[in-house]
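The values are calculated or read from the model by the stated rules, or taken from the named source; none is laboratory data. Fair warning: this is a prediction, and the values are worked out from it, not measured in the lab. Quick reminder, even Gly has a Cβ in these numbers, built from the backbone with ideal geometry, and neighbours come from all protein chains shown. Side chains are part of the model used for accessible areas, which takes the heavy atoms of the whole protein and leaves out ligands, DNA and RNA. Shrake-Rupley method; radii C 1.70, N 1.55, O 1.52, S 1.80 Å.
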Amino acid sequence: MYKIVTYPNPILRKKSEEIAGITEDIKRFVSDMARMMYKYDGIGLAAPQIGVNKRVIVIDPGKGLLKMINPRILERNGKPVEDEEGCLSLPGVYVNVARPVESIVVSAIDVNGEERVWKGSGLFARVVQHEIDHLDGRLIIDYADRNKMSKQSLAQLSKLEKDYA
Ligand code: ZN
């Protein structure tokens, strides 16, 4: 039913809208997102990546599934640390992205409509920031210095552009 939207589809560049209230449709949609994330072996997925410009992310950086509606980063601590990131919307493209990962605090609505706050570090902090970037139309390649990208990633990037055109 859903398909992964890949770069350079303009859907990925739009700012996503907040969810106004939790309905059965929204709950079903969030479950569908989780299913898609696991199907494609992702550790995070944002709604625009399956073509829906709504502020919803699902993540599972190894400690179980978290569903976040209207997520907001309240706190970000530490110096930016570079690490290689990939993205289901940029298959075959890997770039170093510097993000603060010492700790972050994120608040969101859960599928029961409750406001919740999560604190985490490392991969959790990285994935949450990566996925919230999607909700604001930002992609990992926006952080990349093209001169420092690998030949393979650059070639894959032009292939994606050519395939889309
Ligand atoms: Zn991504």
Examine the range 24-37 for a residue that is open to solvent by less than 50 Å² (accessible area, probe 1.4 Å), on the phi > 0 side of the Ramachandran plot and within 14 Å of the ligand (Cβ to nearest atom), and state whether such a residue exists. no
Failed item, numbered, when GLY62 is tested on (1) of a type outside the set (Val, Ile, Thr); (2) at pLDDT below 95; (3) buried (at least 16 other Cβ atoms within 10 Å of the Cβ): (3)
Would you check if LYS54 is more than 19 Å from LEU139 (Cα to Cα), among the basic types (Lys, Arg) and open to solvent by 40 Å² or more (accessible area, probe 1.4 Å)? no
Exactly one of these conditions fails for ILE11: (1) part of a loop (DSSP other than H, G, I, E, B); (2) more than 22 Å from SER121 (Cα to Cα). Give me its number. (1)
Counting only residues that are within 12 Å of the ligand (Cβ to nearest atom) and of a type in the set (Ser, Thr, Tyr), which one in the range 81-104 is nearest to THR6 (Cα to Cα)? SER89
Does the range 6-17 contain at least one residue that is surrounded by fewer than 19 Cβ atoms within 10 Å (Cβ to Cβ), more than 16 Å from the ligand (Cβ to nearest atom), modelled with pLDDT of 95 or more and within 21 Å of SER107 (Cα to Cα)? yes
Out of the range 41-63, which residues are of a type outside the set (A, V, I, L, M), away from the ligand (no atom under 13 Å from the Cβ) and either in a strand (DSSP E or B) or under 18 Å from ILE109 (Cβ atoms) (or both)? ASN53, LYS54, ARG55
Could we say that LYS63 is basic (Lys, Arg) and touching a residue at least 60 places away in the same chain (Cβ under 8 Å) here? yes
Within the range 17-32, identify whether any single residue is outside any strand (DSSP E or B), of a type in the set (Phe, Trp, Tyr) and within 22 Å of GLY122 (Cα to Cα), and answer yes or no. no
